[in-house]
Amino acid sequence: MHDSGASVAFPSPVVKRWSKIQKSGPFALPKITDQYPLYSRWLAERIQKLEELPDFSEDERIFVMSDYGGEHKTAAFNTYAFLIASVDKLAVFERETHALRETHRLNAPFVEFAYKKLGYGPIDRALTEYLRISDRYIHGVLVAVSVEKCVPSLFGPQKRPAQQEIVDLLSANDLGDWGPAEAEKLLRVCHAIAMFLALLTRTGQKFLWMSDRDAITEDGGRRSFDNTRQVFLRALRMYTDNEYEIYGFAKPFEKDPFTSDLLSLADFAAGAIQDVLQSLKTNDVGDKMGKRQIIRWLGTSSPFLSKLNLIFKMDEGKMVCGNVLLTAKS
């Protein structure tokens, strides 16, 4: 069954107690073979070594919220961030963030928590509590994958041939007409989310992927958001045979505090990781306290909300994959 993503009106689950919060590794993706892209195989190697991931086996509904950074020309890295969370356990998060918004007058007019809005008084004053609420009342994982822009491609050793092959493959399968850079970005995002969903979900569950507005989700004469949905579902089949009861896809809803406050965590991750990695080039992460606070928060997992930061970069002419370990001075 396919939900167009026009709303998040999943049926309400039966109220119950949950006993499973985390599951222990190693985490295997047995469908991956040597024929899969190097990107997939390297991500799988990093994921397999994780000590734990959220256990959603008792949940019925899953959210995926994604945002992206590094689009400006001066950025040295592209960042792809996504939050995967249990919807069934979000009632307290919604209630607490609503109260926080009322306290700091962020509902009238509506103001989103956004990395680019750090420095705006009400956002700054609400930030500490917003991050605390997220740690305490979101059961999930926040993942950021960063790719240094000097990496030619994650789907082949040479940039132009690899990206052109992706463009031709998408076109030949009636999946839209894409530019080379957008086509590679599409696969980077879809494969990463698909791999984590394969590990975290099961047959019979429902999921909704909400992506920030971006080149890979825009509708136009050459391609549409439906093409993105189709590409993602094909990528998902590469990693799991799960049969989902409902799967939905959406762009951000206008002035919807609940989904906006979840999507903002991916925005924070994409922006902060980009700033941290850029600082390796400039030795300056910025002076705003909010940025440093978010960096510290991203470097510290809570019992319920895990945080994972992965990086692909060039090292002495070779591509390497590793973890980004975050700390920030007070």
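I'd like to know if the range 27-43 contains one or more residues that are modelled with pLDDT of 95 or more, within 30 Å of ASP256 (Cα to Cα) and touching a His at 6+ places or on another chain (Cβ under 7 Å).
no
Filter the range 26-84 down to residues that are among the polar types (S, T, N, Q) and assigned to a strand (DSSP E or B) and give me whichever is surrounded by the fewest Cβ atoms within 10 Å (Cβ to Cβ).
Step one: list which residues in the range 26-84 are among the polar types (S, T, N, Q), which gives 33, 35, 40, 48, 57, 66, 74, 78-79.
If we keep only those that are assigned to a strand (DSSP E or B) as well, we get 66, 78-79.
Values: SER66: 25, ASN78: 23, THR79: 27.
Applying the filter and picking the extreme gives ASN78.
Scan the range 122-133 and tell me whether some residue there is of a type outside the set (A, V, I, L, M) and either part of a strand (DSSP E or B) or under 27 Å from MET195 (Cβ atoms) (or both).
Among the residues of the range 122-133, not one is of a type outside the set (A, V, I, L, M) and either part of a strand (DSSP E or B) or under 27 Å from MET195 (Cβ atoms) (or both), which makes the answer no.
Do the conditions hold for GLY204, that is, is it surrounded by fewer than 23 Cβ atoms within 10 Å (Cβ to Cβ) and not basic (Lys, Arg)? Outline the logic, then answer.
Working: surrounded by fewer than 23 Cβ atoms within 10 Å (Cβ to Cβ): yes; not basic (Lys, Arg): yes.
Yes: the conditions hold for GLY204.
Restricting attention to the range 74-92, which residues are out of contact with any Pro (no Cβ under 8 Å at 6 or more places or on another chain) and either closer than 29 Å to LYS149 by Cβ or without any contact (Cβ under 8 Å) to a residue 24 or more places away in the chain (or both)?
Residues satisfying the conditions are THR74, ALA75, ALA76, PHE77, ASN78, THR79, TYR80, ALA81, PHE82, LEU83, ALA91.
In this structure, does ARG105 turn out to be more than 29 Å from TYR247 (Cα to Cα), assigned to a loop (DSSP other than H, G, I, E, B) and modelled with pLDDT of 95 or more?
Taking the combined requirement at face value, the residue satisfies it.
Looking at (1) modelled with pLDDT of 95 or more; (2) in contact with a Leu (Cβ under 9 Å, 6 or more places away or on another chain), which one does LYS89 not meet, given that it meets all the others?
Going through (1) modelled with pLDDT of 95 or more; (2) in contact with a Leu (Cβ under 9 Å, 6 or more places away or on another chain) one by one, LYS89 breaks only (2).
Do you know which residues across the range 209-247 are part of a strand (DSSP E or B), touching a helix residue (DSSP H, G or I) at 6+ places or on another chain (Cβ under 9 Å) and over 20 Å from GLY179 (Cα atoms)?
Those that are part of a strand (DSSP E or B), touching a helix residue (DSSP H, G or I) at 6+ places or on another chain (Cβ under 9 Å) and over 20 Å from GLY179 (Cα atoms): TRP209, MET210, TYR247.
Quickly run through the range 157-196 and pick out the residues that are over 19 Å from TYR80 (Cα atoms) and polar (S, T, N, Q).
Matches in the range 157-196: GLN158, GLN164, SER171, ASN173.
Out of curiosity, is ARG95 basic (Lys, Arg) and either without any contact (Cβ under 8 Å) to a residue 24 or more places away in the chain or in a strand (DSSP E or B) (or both)? Spell out how you get there, then give the answer.
Values: basic (Lys, Arg): yes; either without any contact (Cβ under 8 Å) to a residue 24 or more places away in the chain or in a strand (DSSP E or B) (or both): yes.
Yes; evaluated as a whole, the condition is true for this residue.
Any residue in the range 157-178 that is in contact with a Gly (Cβ under 7 Å, 6 or more places away or on another chain), in a strand (DSSP E or B) and buried (at least 16 other Cβ atoms within 10 Å of the Cβ)?
no
The values are calculated or read from the model by the stated rules, or taken from the named source; none is laboratory data. Computed from a predicted structure; not experimentally measured. So basically every Cβ, Gly included, is an ideal-geometry build from the backbone, and we count neighbours across all protein chains shown.
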